[in-house]
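All remarks here apply to the structure that follows.
The values are calculated or read from the model by the stated rules, or taken from the named source; none is laboratory data. If you're wondering where the values come from, they're calculated on a predicted model, not measured in any experiment. Positions of Cβ are backbone-derived with ideal geometry, glycine not excepted, and every protein chain shown enters the neighbour counts.
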Amino acid sequence: MPIDPDLSRYSDLAFGSSIAVYILALVFVLVDFAGSRNGVLQSRAAGSRTREKALVGAGSTPTGPGRVEAAPTRPVSERFGRMGVALVALGMLLNVASLVLRGMAASRAPWGNMYEFVSLMCAIAVAAWLVVIRKPGMRQLTVFLLAPVILLMFLAGTVLYARTAPVVPALRSYWLVIHVSVITASTAVMMVSGVASLLFLLRRRHPAGSEGSSALGRLALRMPTDAALDRVAYRTAIFGFPLFTAGVILGAIWAEAAWGRFWGWDPKETTAFIAWVLYAAYLHARATAGWRNTRAAWINIAGLAVMMFNLFFINMVVSGLHSYAGLN
């Protein structure tokens, strides 16, 4: 079917707008993070607010019985943080809109090349993070996910950009919708998990009560506890690993239909298998005494590094049966 140039142009406009909104959101969440307190102070403040509410409910306050004080005003940094989260959600919607418009313009699934794949991956990663930040104390860490997302979106819109066009004949299959979407979703979720493990290692290096004299120390002490970060990394990996496993299996089925074999140790297949082994090792290590903290986190980060290597180096540099980057 012919390409619709108007829808394609609107798709590019929505993509550029999403980057602009993400950058504005980054400024807002930076203000929020700069004004945040460390995990210990946050928990103490939360406990203090709970006790004050209990006193008010009992009709006894420091200023006299039966008198209910006005609710404390939110800090300016928290207001910026909430506005930043709203902008993140808006940026994600624009990101999704750009993909939908491109799919409509080309009359196909909008993840047939590297530009579209990375754009979809960023949208899913942001959506996953919007779920994570519902946990107390996680909103301030939005800056650490937005920064790599903006970088990936910038690379997608410049180096990886491909004009709206039909996919190559080898990709004209319903398996493109099934296999690639599952792999993209798992990669996005694992990116969130890897970022959480990186923050966990930083926070663990500077535990509560340390002076935090260095810049990294002061940065770490504004984060939630290392245990909270470890839980985020683990729970997102638990969700992402079955998706990744399903994506690998579906890819093998597609390979048998397209090339007559389930597995041929193509560079992309081999690297995906290495990543799968690393993530399986992470989940095993996370449940093993003596490995479940720092060592497990490093395995998780290694898995993310292999995934990114597979996404960029294998697709763009190494020649193989999966060389459909769509760069021009």
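Annotation note: of Thr288, Thr294, the sole residue that is surrounded by fewer than 16 Cβ atoms within 10 Å (Cβ to Cβ), modelled with pLDDT under 90, closer than 23 Å to Ala228 by Cβ and not acidic (Asp, Glu) is Thr288.
Under the condition of being hydrophobic (A, V, I, L, M, F, W, C) and within 20 Å of the chain's Cα centre (by Cα), the residues counted in region 249-294 number 6.
The C-beta contact set for region 237-256 (first residue within 23 Å of Ser197 (Cα to Cα), second residue part of a helix (DSSP H, G or I) and aromatic (Phe, Trp, Tyr), distance under 7 angstrom, 6+ apart or interchain) comprises Ala237/Tyr279; Ala237/Tyr282; Phe241/Tyr279; Phe244/Trp276; Phe244/Tyr279; Thr245/Trp276. So for region 211-219 (the condition being under 26 Å from Arg286 (Cα atoms), in contact (Cβ under 8 Å) with a residue 40 or more places away in the chain, part of a helix (DSSP H, G or I) and more than 15 Å from the chain's Cα centre (by Cα)), does at least one residue qualify? No, there is no match, as no residue in region 211-219 is under 26 Å from Arg286 (Cα atoms), in contact (Cβ under 8 Å) with a residue 40 or more places away in the chain, part of a helix (DSSP H, G or I) and more than 15 Å from the chain's Cα centre (by Cα). Contact map, region 305-328: first residue at pLDDT 70 or above, second residue among the basic types (Lys, Arg), Cβ cut-off under 7 Å, separation 6 or more or different chains; pairs are Asn310/Lys268; Ile314/Lys268. When every residue of region 114-129 is checked against the conditions, none turns out to be over 13 Å from the mean Cα position of the chain (by Cα), surrounded by 18 or more Cβ atoms within 10 Å (Cβ to Cβ) and small (Gly, Ala, Ser). Quick check on region 163-185. Is at least one of its residues hydroxyl-bearing (Ser, Thr, Tyr), touching a residue at least 12 places away in the same chain (Cβ under 8 Å) and surrounded by fewer than 20 Cβ atoms within 10 Å (Cβ to Cβ)? Yes, region 163-185 has at least one match. When Arg163 is tested against (1) out of contact with any helix residue (DSSP H, G or I) (no Cβ under 8 Å at 6 or more places or on another chain); (2) under 27 Å from Ile23 (Cα atoms), just one condition goes unmet, and that condition is (1). Of all residues in region 257-290, exactly one satisfies the criterion of being free of Cβ contacts under 8 Å to residues at least 40 places away in the same chain, assigned to a helix (DSSP H, G or I) and among the hydroxyl-bearing types (Ser, Thr, Tyr), namely Thr270.
Restricting Ala127, Ala109, Ala105 to those that are in contact with a helix residue (DSSP H, G or I) (Cβ under 9 Å, 6 or more places away or on another chain), under 23 Å from Phe244 (Cβ atoms) and either among the β-branched types (Val, Ile, Thr) or assigned to a helix (DSSP H, G or I) (or both) reduces the list to Ala127.
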